[in-house]
Amino acid sequence: METARVTARRKRPARSVLPGRSGPARSTSRRGPADAWNDFFFAARDPRLAGLLRIGYGLLVLVNLAVLAPDVPLWFSEAGLLPAADARELMTEHAPTVLGWVDAAWWPWLCYAVVVAAAALLTVGWHSRVQAIVVLVGLTSLQDRNYAIVDGEDTLFRLFAFYLALCPAGWAYSLDARRRKRRGIAGEPPVPWGLRLFQIQMSVIYLSSAIEKSLGHDWPAGTALYYVARLDDAFGKLPLPGALFETLWLTRLGSWSVLALEWTLPVLLWIPRTRRVAIAVAIGFHLAIEATMNLFLFHWLMILGVLSFAEIDELRWPPWRRPAAS
Amino acid sequence: MGTHRRWINAFLVGFLAIVAIDAFHGTGCTQPLKDAVNLPLLVTGLWQGPWRLYAPDVDKDNLQLKAELVFADQATATWSSPDWAELSALRKFRLARHINYYNAILLADRELAWDDLCAYLARSVPHPQGKAVAVAQITLSLRGARIPPPDEKIVPAGPYRAFDPWEVIRVWRPRA
């Protein structure tokens with residue numbers, strides 16, 4: 001089976017087919033859980049999406065590392081802000097870190113350079129799976145060396161590297177694909193079951209955040225965004241009318257909308273009828289936060305994760321342009 | 001079903017169970033389950049924990065740090081943490097890790113990190129006259145601006161800067 005054929009079939013999905021599933025729709029009346037599981041994870045799907053996610057992820061890792069570059073000695077060396085022994089004492093649990101292997105000023109730089117190289121090679125798709133694993137080990141090591149500078153996006157960076165290692169991320173748009181073509185290696189497109197892990201992860205994030213928010217006071221009371229809009233470090237990117245955050249009913253509406261989105265997106269993203277709208281809403285939601293808050297790369301990573309719910313032919317720009325004929 | 005597929009299925013079942021325990025352990029699962037999955041998650045770098053994202057409640061304090069350095073010749077210098085409200089979005093993007101750092105070290109039980117910050121400042125803040133004189137003492141102070149609740153008083157949107165007076169949180173001297 002050629003990739004083009006998979007793509008062509010994807011253009012007319014049956015309504016009863018799960019998002020991302022291709023092939024004729026099967027009757028669901030007599031299917032057991034095992035069949036449903038197999039359909040969910042192992043139904044044919046265009047693996048080129050994994051290639052796109054790989055490129056987006058690789059670029060974000062490179063931006064992350066570029067911003068880190070001037071501060072490598074500050075964050076990761078003994079001459080910096082947090083010596084290794086104290087960094088370990090501040091944490092109760094530790095991942096293995098290669099940064100502790102050699103006690104020399106050049107060692108953090110070497111580790112950093114290896115991660116940069118792996119991220120660059122992952123972006124261009126040269127031995128993609130291996131590079132994803134090197135990026136995972138490298139980022140885990142950097143984060144464990146100085147946990148004080150880490151936040152949620154670093155967790156996403158690690159997890160996405162792992163999921164990419166489980167995807168056929170080098171199948172398309174990559175040097176791996178070019179090499180395969182040059183050597184005349186043909187074969188069926190791999191089943192990108194790892195893409196499901198991206199999707200499940202996104203649902204876990206929304207759901208976990210919704211639960212955590214609902215357990216507090218500020219979000220159910222609708223005052224959360226009132227406080228967020230007065231924080232000096234995270235808030236205030238693009239100018240916004242102050243009335244948005246000074247009129248209590250508007251602030252409540254905004255806070256409750258965030259809560260409602262986080263409760264509903266994990267459901268709506270999985271329902272075929274609502275999937276596209278949910279993707280658009282989720283992307284709009286993250287872009288809106290990105291425009292108003294300084295949260296580094298978190299929302300770009302989230303947008304990348306949301307795109308795992310899309311099909312490759314839906315990712316065209318402008319969106320109203322017809323997909324190219326296969 | 002091939003052996004390969006069986007292995008993948010076994011992995012998926014195990015991994016998804018672990019993810020569920022890790023991400024939702026604060027909301028129902030018991031701690032022993034979390035303890036059981038902790039080690040494999042740490043070793044593989046795959047831990048995630050619950051996703052808080054300004055939950056359960058939003059921080060309500062804007063904080064600033066200040067250090068007053070006294071050199072051995074009694075000369076003084078002052079260092080301050082970045083004034084985030086004055087920085088451009090681009091500068092904040094560049095200093096994103098610094099934002100995380102200051103937020104992290106101002107949590108409770110992080111006195112060790114304050115000492116490390118003082119030691120770093122003693123090495124890096126220059127003497128006001130450029131002399132090669134060692135730092136004799138650093139006084140680390142903190143001040144906070146607590147955002148009042150909206151049912152008490154609605155303050156204008158934007159960085160809330162009604163700071164309380166400075167409070168000394170550490171007096172540091174280099175080890176002999």
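The values are calculated or read from the model by the stated rules, or taken from the named source; none is laboratory data. None of these values were measured; they are calculated from a predicted model. Cβ: placed from backbone, ideal geometry, glycine included. Neighbour counts: every protein chain shown. The protein model used for the area step is the full one, side chains on, heavy atoms only, and it has no ligands, DNA or RNA in it. Shrake-Rupley method; radii C 1.70, N 1.55, O 1.52, S 1.80 Å.
Brief remarks on what is shown
- Rounded FRET efficiency, nearest 0.05, which uses the C-beta distance separating A:Leu175 from A:Leu110 and R0 of 22 Å: 0.35
- Axial C-alpha extent at least 24 Å, average Kyte-Doolittle at least 0.5 - helices from chain A (DSSP): A:48-68, A:106-124, A:128-145, A:194-215, A:248-268, A:272-292
- For A:Lys237, the lysines whose Cα falls under 23 Å of its own Cα, not counting residues fewer than eight places away in the same chain, are B:Lys60, B:Lys92.
- Rounded percent of accessible protein surface that carbon and sulfur make up, region A:202-299, 1.4 Å probe: 75
- Applying 0.36 nm per residue to the separation of B:Arg175 and B:Ala162 and subtracting their alpha-carbon distance, the gain on full extension is 1.0 nm.
- Per-residue 3J(HN,Hα) values for region B:129-142, derived from phi via the Karplus relation 6.51 cos²θ - 1.76 cosθ + 1.60 with θ = phi - 60°, read 9, x, 7, 8, 10, 6, 7, 9, 7, 10, 10, 9, 10, 10 Hz in sequence order (x marks Gly and Pro).
- With a simple spin-label model that places each label point 7 Å from the Cα along the Cα-to-Cβ direction, the separation between B:Val13 and B:Leu33 comes to 1.7 nm.
- Cβ-defined net charge surrounding A:Tyr206, 15 Å radius [Lys, Arg +1; Asp, Glu -1]: +1
- Contact order, relative form, for region B:2-50: 39 percent (alpha carbon pairs under 8 Å, 6 or more residues apart, mean separation divided by residue count).
- Fraction of accessible area attributable to carbon and sulfur, region B:24-171 (%, probe 1.4 Å): 54
- Applying Stokes-Einstein at 4 °C and 1.567 mPa s to the Kirkwood radius of region A:193-287, computed over alpha-carbon pairs, gives a translational diffusion coefficient of 89 µm² s⁻¹.
- Percent of C-alpha pairs per 10 Å bin in chain A, short distances first: 5, 22, 28, 25, 15, 4, 0.
- Excluding exposed DSSP-loop trypsin sites (Lys or Arg not before Pro) (at most 10 other C-beta within 10 Å), longest clean stretch of chain A: A:31-182
- Extending 7 Å from Cα along the Cβ direction at A:Arg182 and again at B:Asp151 yields two label points whose distance is 6.9 nm.
- Longest segment of chain A lacking chymotrypsin sites (Phe, Trp or Tyr not before Pro) that sit in a DSSP loop with at most 15 other Cβ atoms within 10 Å: A:102-319
- Solvent-accessible area buried by B and A, counting both chains, probe 1.4 angstrom, square angstrom: 6700
- HN-Hα J in Hz across region B:168-175 - Karplus 6.51, -1.76, 1.60, θ = phi - 60°, x for Gly and Pro: 6, 10, 7, 10, 10, 10, x, 5
- Members of region B:98-126 that become less accessible by 30 Å² or more once partner protein chains are added (1.4 angstrom probe, chain alone as reference): B:His98, B:Ile99, B:Asn100, B:Tyr101, B:Arg110, B:Leu112, B:Asp116, B:Tyr120, B:Arg123
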